[in-house]
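Read the figures in this text as sums done on the coordinates, not as results from a lab. All of these numbers come straight from a predicted model, not from anything done at the bench. With ideal geometry, Cβ positions are generated from the backbone for all residues, glycine too; neighbour counts draw on all protein chains shown.
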Amino acid sequence: MKNKSKRHLLLILFLASLSIFISGCGEKSDVEGVTSDIRPDGEEIVSNMQMKMDSLEDYSFTMYVNSSSREQNPEIYEVVWKKPDLMKMILLGPDNDTKIIMVSDGDFQWIYSSESEIVFKAETSDDFDGLKLFEPDVYAGFLNGFVLSGGSPFLLGTEKIDGESVYLLELTPSENNESLQWKPKIWVDSENWMLLGYELYDSKGNVYLEMEIRDLRLNTGIPYSDFEFKIPDGAQVKVLELEDLKNEPEKITLEEAKQLTDFEILIPEYLPEGYEFNYSTVSSGVDTPYSTFLHNSFGIFAGYPQEKITMVYTKGDDEIRIVESISEKSLPATQDLESEGEPVLVNNKSGTISSVFGGNMKALTWQDGEFEITIISSLDKGELLNISESFS
């Protein structure tokens, strides 16, 4: 990744790949039980959320995240933040074992993965041109990235959670985000205007991703000592320099890529006229743990050793990007962040075609066991299917 905005997207991506169902400390009621005697409209509620977010000096909460695609207990995120850029987040797996620790202490940012037993450390000085391993303000990152932009809020009504009134809103995709096919719902505290919940649905209206936040505390004067990072016993520390943060996988030939992968690379026998192979890149969770950690949305993907090859075919300024990957562990089934996707069959295997990059391109993805292939291009659906069905 080459710029600051992509660096900041890292933490937002893990939150987006999670369903968010936040309910204070209680369970929310069914939508059918919503009342309609509401004073503010959706725009006013969102405006109040923005003002509240800007006024925060510190916060802490525990977030429970689950997906209908994973038949296991939810992951747990313990988050502590203090203005301007202090943060500590611990990701616990379904069995309450530590998976990821992220800390921003003002001088350095740290990321620890228990799977690899590696600690990534990066300085936060001006020498890094504003580049960060992650955006410390988790709440603002999610709110700005997915709630306060790209969707028009519509107030559905109110619900009671632990006897307190909360607002229930639906986010309708704006004209600039027509590629979004879902209408997520959010729950907002009517007293402090904090986001209490978010649910994401599939095309059939079933909950696809959900999150629950508990033990929310605001402006309590969190001490600086809470943001100290202690290197776990036995962990290897990798100090990252500026060039590491800007690093992109090396462009290599297909023959070179074959020497670097442990699986058989599948090559399409058909490509539209004029397209020729340009280059490939290879990343491995073993050889380049930081690159893999960075280029994959980490949340539920953290600690999954993965090999991946990307093949790029070009015709002038147009390109076809083919990504093939295999993991030592079965990755959670997920959908593209911008669209749930249209179901298709590729050589009798289930797949999806989704709009990506604001609808300017399409991604066709299908999976065979631990092996996954994605074709990304501006070509139409028919041509994407023609390419996919020619793989050998």
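In nm, to one decimal, how far is the modelled label at I252 from the one at I231, with both set 7 Å along Cα→Cβ?
According to this spin-label approximation, the distance is 3.0 nm.
Once fully extended, how much extra length lies between D41 and N206, figured as 0.36 nm per residue of separation less the alpha-carbon to alpha-carbon distance?
Once the chain is fully extended between D41 and N206, it gains 56.8 nm.
Which FRET efficiency value, to the nearest 0.05, do you get for M51 and K83 by plugging their Cβ-Cβ distance into 1/(1 + (r/R0)^6) with R0 = 25 Å?
Efficiency computed from Cβ-Cβ geometry: 0.95.
Using 19 Å as the cut-off for backbone N distance, which residues of region 74-90 belong to the label zone defined by a point 7 Å from the Cα of F108 along Cα→Cβ?
Correct set: 85-90.
Using 7 Å Cα-to-Cβ label points, what is the D380/K238 separation (nm, one decimal)?
Roughly 4.5 nm, to one decimal.
Pulled fully out, how much extra length does the chain show between F263 and K349, if you take 0.36 nm times their separation in residues and subtract their Cα-Cα distance?
Here the answer is 29.0 nm.
In which sequence would D317, D41 go, from the one with the fewest C-beta neighbours within 10 Å to the one with the most?
So the residues, fewest neighbours to most, are D317, D41.
Structure shown: which of K132/K185; K185/K230; K251/K362; K88/K160 lie over 28 Å apart, alpha-carbon to alpha-carbon?
Those over the limit are K132/K185; K185/K230; K88/K160.
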